[in-house]
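Below you'll find the structure, written out as structure tokens, and then a few comments.
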């Protein structure tokens, strides 16, 4: 039984959402539940342009997100390579060979580059590539660490959250509690802001920890598990929570999106909508990709639906990113799609290297994309 559960959990990690059958990921079936929606012609009012493309190295099955800091883009590869690229030109400013199998990152904080390894370490390096320290967290690190008030906060794939001293990497605290036998793998990590750590957790929970000692200060239920099987009852808050004014908002896989008042912890609104990815956010709306890869805009004040775009369903979309008046998503087949923020219409499209677009970050008048093959692409429109 434990073997079966481990296999299903691995399948979920590959599948990522309900559009893809875990049996396919296990090699027991050859077809997904739903085939990717073919790309239809669009009325292109925006022309995305790849200003430059560089190579960071293959992801080797992990999801890496670039980091932007003071005019440089930092990108990691599964083999331990970290490259620093000039944001304006894509020129390689430095290349670091950590000789570690990287699995999560990157975060740049002050003069430190932080990354996670598959063997349970958080690495802190300086700009020259010298390892300043390696903090042991006894679990695979697949999310970028967060930093606040000289504490590095790292989350492992089994749900534990560690606080490490930013000067030497020594463990300050660890938060753990019993978790369900099946978990979604999440590259979202945690928020560390001021003296608080905010994180999504299994069973539909949103939690806050004290940054100094890791003690639980509050928790709220975004959604309750439901269903008769362990698979149906997965309700993890897998995406990164969003702090929006006086509210904190999060979404649960196979559950709901909900916003809470930070001071009172009272529910402000909730909506039945399932996602395991991060939100995009602008002055008016939240933007989410649901489990079938519909892209949604929700009014921040009420949770009411503003629009939904269904022409990219089952295409293994990334989390949405806000770039000016556009919403940008990448897909599992190497395309970047630009949507109008006001109505969700697809107004631009760009092909990359043919491999899955792993992640996007906003940068200037566009985005930086990183692909599974290791391409780092600066896209402007």
Got a number for residues in segment 249-274 being in contact (Cβ under 8 Å) with a residue 40 or more places away in the chain, under 17 Å from residue 191 (Cβ atoms) and surrounded by fewer than 23 Cβ atoms within 10 Å (Cβ to Cβ)? 1
Would you confirm whether or not segment 67-88 contains a residue that is more than 30 Å from residue 119 (Cα to Cα), touching a residue at least 40 places away in the same chain (Cβ under 8 Å) and surrounded by 16 or more Cβ atoms within 10 Å (Cβ to Cβ)? yes
Residues of segment 68-113 satisfying the condition of being under 17 Å from the mean Cα position of the chain (by Cα), over 25 Å from residue 366 (Cα atoms) and part of a strand (DSSP E or B): 102, 103
Give segment 40-67 a look and list any residue that's over 19 Å from the mean Cα position of the chain (by Cα) and on the phi > 0 side of the Ramachandran plot, or say none. 57
Go through segment 310-336 and count every residue that is under 13 Å from residue 280 (Cβ atoms) and buried (at least 18 other Cβ atoms within 10 Å of the Cβ). 12
Only unsatisfied item for residue 55, checking (1) surrounded by 15 or more Cβ atoms within 10 Å (Cβ to Cβ); (2) more than 18 Å from residue 353 (Cα to Cα); (3) in contact with a strand residue (DSSP E or B) (Cβ under 7 Å, 6 or more places away or on another chain), is (2)
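Values in this text are rule-based calculations from the coordinates and carry no lab data. This structure is a prediction, so every number in the text was calculated from the model and none was measured. A quick note on method: Cβ atoms are made from the backbone with ideal geometry, for glycine too, and the neighbour counts reach across all protein chains shown.
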